[in-house]
Amino acid sequence: MGKYKMVVMDMDDTLMNNENQMSPETESYLLDIQKQGYKVVLASGRPTEGMLPTAKKLKFDTYQSYVISYNGGKTVNVNTESVEKSRTVTKENFDLIVDYCRKNNLFILTYEDGHIVYEGEHEYMNIESELTGLPMEHVNDLKDFIQDDVPKVMGVDYVSTISKLNTDLAGHFNEDIDVTTSKPYFLEFMAQGVSKGNAVTDLSKKLDIALSEVVAFGDSSNDISMLQVVGHAVAMGNANDQVKAVADEITLSNSDNGIPHTLRQIL
């Protein structure tokens, strides 16, 4: 099998093309390499439920593989749908994040029972639902409605605002909560230490695969932690400059089958 055993990829703007679809060529290639014994894993900022349809298309249930959701907040075995690992945002921190987002006039959403729960409205408010296929539920007051831990919180606004706040926060909201961006208009708040990089590190330990035997593909800032820990880091052609800077290689874009293009050369 050569030096690599596992391939981890982001979904939006990496595996998925600009129509939010997996191309037939990429899909059949990923099915082929699993037949040959490679482990394929999805790692996304998406909620778990927004990943499972793609994971099942790729037969992760048959091949006993995993999805890493909420930027690393959860790792789920697709075959048994059991949660291997989960790190959540406490109610106390949730309220602080909501206050911060309100103060900065961000549209706010979180997740409960496979729903996107939100307050207020915004021009970009439906994007996450369109990406993930999850239903949206409007509530008058998120702090009243949410009484338990949540997997992640998202502040949504125009790119200029999100970019400024992301720079100001520099990765940390407080000592319990880390911050990243997945799309340039999504500011994502997760429990401290939650990252795709940490989740991939834990999963490779569990599967007894060395990180040097892992290839990863990404395009966005929330992929950097994962690209920094794996043996071969690939930035999509459409990736942002920070992502390209940490990659070992830049492949074709998400709409030009960049994933199979690179894997054919290195596997």
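The values are calculated or read from the model by the stated rules, or taken from the named source; none is laboratory data. Keep in mind the model is a prediction, meaning the values are calculated, not measured. Cβ coordinates were reconstructed from backbone atoms using ideal geometry, including for glycine residues, and neighbour counts include every protein chain displayed. These accessible areas exclude ligands, DNA and RNA; they are computed on the full protein's heavy atoms, side chains included. Shrake-Rupley method; radii C 1.70, N 1.55, O 1.52, S 1.80 Å.
Find the residue count for region 82-113, including only residues that are without any contact (Cβ under 8 Å) to a residue 24 or more places away in the chain and within 17 Å of Thr132 (Cβ to Cβ).
Matching residues across region 82-113 total 1.
Give, as residue ranges, the strands (runs of 3 or more DSSP E) completely inside region 44-108 that count at least 1 residues that are at pLDDT below 95 and within 16 Å of the chain's Cα centre (by Cα).
Once the strands (runs of 3 or more DSSP E) in region 44-108 are filtered for at least 1 residues that are at pLDDT below 95 and within 16 Å of the chain's Cα centre (by Cα), what remains is 82-86.
With the condition being open to solvent by 40 Å² or more (accessible area, probe 1.4 Å), modelled with pLDDT of 95 or more and out of contact with any Lys or Arg (no Cβ under 7 Å at 6 or more places or on another chain), I'd like the helices (runs of 4 or more DSSP H) fully within region 117-230 carrying at least 2 qualifying residues.
Fully inside region 117-230 and qualifying: 142-145, 159-169, 196-206, 224-229.
From the residues in region 18-58 that are among the polar types (S, T, N, Q) and free of Cβ contacts under 8 Å to residues at least 24 places away in the same chain, which one is most open to solvent (accessible area, probe 1.4 Å)?
So the residue we want is Gln21.
Going through region 236-267 one residue at a time, which ones are within 18 Å of Val41 (Cβ to Cβ) and outside any loop (DSSP other than H, G, I, E, B)?
Gly258, Ile259, Pro260, Thr262, Leu263, Ile266
Table: residues versus (1) assigned by the TED database to the domain that holds Val76; (2) polar (S, T, N, Q); (3) farther than 21 Å from Ile97 by Cα.
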{"site": "Leu165", "(1), (2), (3)": "no, no, no"}
{"site": "Leu169", "(1), (2), (3)": "no, no, no"}
{"site": "Ser182", "(1), (2), (3)": "no, yes, no"}
{"site": "Phe186", "(1), (2), (3)": "no, no, no"}
{"site": "Asn198", "(1), (2), (3)": "yes, yes, yes"}
{"site": "Asp202", "(1), (2), (3)": "yes, no, yes"}
{"site": "Val214", "(1), (2), (3)": "yes, no, yes"}
{"site": "Met226", "(1), (2), (3)": "yes, no, yes"}
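Being open to solvent by 10 Å² or more (accessible area, probe 1.4 Å) and of a type outside the set (Ser, Thr, Tyr) is the filter here, so list the residues in region 65-92 that pass it.
Scanning region 65-92 gives Gly72, Lys74, Asn77, Asn79, Glu81, Val83, Glu84, Lys85, Arg87, Lys91, Glu92.
Within the bounds of region 153-174, is there any residue that is touching a helix residue (DSSP H, G or I) at 6+ places or on another chain (Cβ under 9 Å) and among the hydroxyl-bearing types (Ser, Thr, Tyr)?
The answer is no, given that none of the residues of region 153-174 is touching a helix residue (DSSP H, G or I) at 6+ places or on another chain (Cβ under 9 Å) and among the hydroxyl-bearing types (Ser, Thr, Tyr).
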